[in-house]
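The values are calculated or read from the model by the stated rules, or taken from the named source; none is laboratory data. All values derive from a computational prediction rather than experimental measurement. Counting neighbours? That spans all protein chains shown, and the Cβs are built from the backbone with ideal geometry, glycine included.
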Amino acid sequence: MIDKSVKEACEMIKKSNNTLVLTGAGISTESGIPDFRSPNTGLWEKIDPMEALSTSILLNRPEKFYKKGFKMLLSMSDAKPNKAHIALANMEEMGIIKAVITQNIDNLHQKAGSKYVLEVHGNTRTGSCMMCGKKVDLKILEQKNQNGEIPPKCNSCNGILRPDVVMFGDQLPEDFNTAWNIVNKCELLIVVGSSLTIAPVSYLPQMAPRVIIINLGETSFDRYADVVIKGKAGKVLTKILDELRKEV
Ligand code: APR
C-alpha cells in the first residue's frame with residue numbers, strides 16, 4: 001500500500017519543475033522531540049500552550065515563562081537530524097526540491113545540510129530586543145536568565161530581550177511572506193509531519209496545484225491532497241529518495 005503511493009509520489013515529483021516541502025513537528029519526533037498534537041505523546045496534552053509559550057506570559061509573568069516555556073525551547077538544542085531531515089537535504093542537493101518551509105524551531109533541517117530553509121515560526125538560535133530590535137545569540141538570554149536577570153535586558157537600550165520564536169499572540173516573521181509567495185508559484189508541495197491545524201500555515205497547501213502528504217495521523221488537508229502516505233517520515237522519505245536515485 002505504502003509502496004504504491006510512494007511510486008505515485010515519485011511520478012509526481014519527477015514531473016514537477018518546482019517542488020517545495022512544508023514540514024511540521026512530526027518530522028522531528030524520530031529525533032526525540034515530541035510533536036504537539038499526537039494522542040498521548042503530544043506536548044499540548046501535558047502543557048497548556050497559552051501558559052508555556054505566549055507573549056502575554058512572557059511580558060506579564062516573565063519568571064513563569066523562563067521557568068517553563070524557555071526551558072522547552074532550550075531542550076531541543078542537542079537533538080540530531082534523522083533520516084527524514086537528511087533525505088530532504090539530499091533532495092535539495094540533487095535539485096529535486098527547491099526549499100523547505102518549516103514550522104519547526106529545532107534547527108534540524110540546517111543541521112542535516114538543507115540550505116534554503118524558511119522558518120515560519122521563528123528559530124531557537126537568536127533572540128532580539130523588543131525595543132531597539134538588536135539581535136543576540138539565544139545563549140545570551142540563557143546566561144542572563146541563569147544569572148537571575150529576568151526578564152533579560154538589552155545591553156544597548158535596556159529593552160526586554162525575547163527569543164525569536166513565534167508565540168501565541170505574535171505575528172509571523174518575513175519568512176512566512178516569502179513562503180506564501182513561493183508556494184503560489186510552485187508546481188508541487190510535499191507536506192511532511194504536520195497536522196495542518198495551525199493557521200495561517202495550514203492555508204499554504206490550498207495554494208499549491210498538487211499536494212503530497214506524508215504523515216502518521218490525519219491532517220486537515222487529506223481529502224484534497226493528490227497523494228496521502230500514512231507512514232513515518234524517515235522511512236517514507238528514504239524510500240522516495242532511493243526510488244528517485246534509481247532514475248539519476
Ligand atoms: N512521521 C510522520 N508523521 C509523524 C511522525 C513521524 N515520525 N510523528 C508524528 N507525526 C505526525 C502526527 O501524526 C501529527 O499529525 O505529525 C503531525 C504533527 O502535528 P502537530 O503536533 O499538530 O505539529 P505541527 O503541525 O507542526 O503544529 C503546528 O502548532 O502549536 C503550534 O507552533 C506550534 O509549529 C507548531 C504548530
Exercise. Out of all the residues in the range 89-113, which are in a loop (DSSP other than H, G, I, E, B) and either farther than 18 Å from D175 by Cβ or within 13 Å of the ligand (Cβ to nearest atom) (or both)?
Worked result: M94, G95, I96, Q103, N104, I105, D106, G113
Problem set entry | Unmet requirement for T41, which otherwise passes all of (1) in a helix (DSSP H, G or I); (2) among the hydroxyl-bearing types (S, T, Y); (3) over 22 Å from V120 (Cβ atoms) | (1)
Exercise. Looking at this structure, is T102 in contact with a strand residue (DSSP E or B) (Cβ under 8 Å, 6 or more places away or on another chain), surrounded by fewer than 18 Cβ atoms within 10 Å (Cβ to Cβ) and in contact (Cβ under 8 Å) with a residue 60 or more places away in the chain?
Worked result: no
Exercise. Across the range 33-53, which residue is surrounded by the fewest Cβ atoms within 10 Å (Cβ to Cβ) among those that are more than 11 Å from the ligand (Cβ to nearest atom) and not basic (K, R)?
Worked result: N40
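Listed here are the residues, each with its yes/no results for (1) touching a residue at least 60 places away in the same chain (Cβ under 8 Å); (2) among the hydrophobic types (A, V, I, L, M, F, W, C); (3) under 26 Å from I86 (Cβ atoms).
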{"site": "D170", "(1), (2), (3)": "yes, no, no"}
{"site": "E174", "(1), (2), (3)": "no, no, no"}
{"site": "S194", "(1), (2), (3)": "yes, no, yes"}
{"site": "T197", "(1), (2), (3)": "yes, no, no"}
{"site": "M207", "(1), (2), (3)": "no, yes, no"}
{"site": "L216", "(1), (2), (3)": "yes, yes, yes"}
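Within the range 85-92, identify whether any single residue is within 18 Å of I198 (Cβ to Cβ) and touching a residue at least 40 places away in the same chain (Cβ under 8 Å), and answer yes or no.
The answer is no, given that none of the residues of the range 85-92 is within 18 Å of I198 (Cβ to Cβ) and touching a residue at least 40 places away in the same chain (Cβ under 8 Å).
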Exercise. Which of the residues belonging to the range 14-32 are more than 15 Å from the chain's Cα centre (by Cα) and surrounded by fewer than 18 Cβ atoms within 10 Å (Cβ to Cβ)?
Worked result: K14, K15, N17, N18
Exercise. Among (1) surrounded by fewer than 22 Cβ atoms within 10 Å (Cβ to Cβ); (2) over 19 Å from the mean Cα position of the chain (by Cα), which single condition is F65 missing?
Worked result: (1)
For this session: List every residue pair whose Cβ atoms sit under 7 Å apart, with the two residues 6 or more apart in sequence or on different chains, where the first one lies in the range 23-34 and is under 12 Å from K80 (Cα atoms) and the second, anywhere, is outside any helix (DSSP H, G or I) and among the acidic types (D, E).
Result: S28/D106; T29/D35; I33/D106
For this session: May I ask you to verify whether V211 is assigned by TED's automatic domain parsing to the domain that holds T19, among the β-branched types (V, I, T) and at pLDDT 95 or above?
Result: yes
Problem set entry | Residue that is farthest from C10 (Cα to Cα) [pool: residues in the range 90-148 that are among the hydrophobic types (A, V, I, L, M, F, W, C) and within 13 Å of the chain's Cα centre (by Cα)] | I105
Seminar exercise, completed: Pairs returned, first residue in the range 64-80 that is part of a loop (DSSP other than H, G, I, E, B), second residue that is basic (K, R), beta-carbon separation under 8 angstrom, 6 or more apart or interchain, are K80/K111
